[in-house]
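Down below is the structure, laid out as structure tokens.
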Amino acid sequence: MAKSELIAKLTEHYPQLIAKDVEVAVTTILEGMFTSLVNGRFIEIRGFRSFDNNQRPARTGRNPKPGESVPVSEKCVPHFKPGRAMRERVTAQQQSCYRVGQIMNSQHCQWFQLPMVPT
């Protein structure tokens, strides 16, 4: 879901709110999360997810075209870890889709015939 889709869904769900106010609220929350991560702080939204920074050490990479070794410097990357409730809901949804012969896509479950249903 894109930021604009989130704003549209919230505006649709709460018609008393003005779209511009919802946009400001969503942008403010996301900017606060970005600022926290930039400052090296941990973010946790219980039952949903947590964000943290992972420190990756320097290493030797490979340029695929000429095949030569390239030094890759140390870097800090954001890390996402889903919460237990989120993992359980997604797993349950995927398993129920497989049980009835469906596959998940970004919009909804679509019916189709699976050649082999996982057990």
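Couple of notes before you dig in:
- Whichever lysines have a C-alpha closer than 30 Å to that of residue 3, once near sequence neighbours (fewer than 8 apart) are set aside: 20, 75, 81
- Straightening the chain between residue 20 and residue 49 buys 7.8 nm, computed as 0.36 nm per residue apart minus the Cα-Cα spacing.
No value in this document is a laboratory result; all are computed from the given coordinates. Fair warning: this is a prediction, and the values are worked out from it, not measured in the lab.
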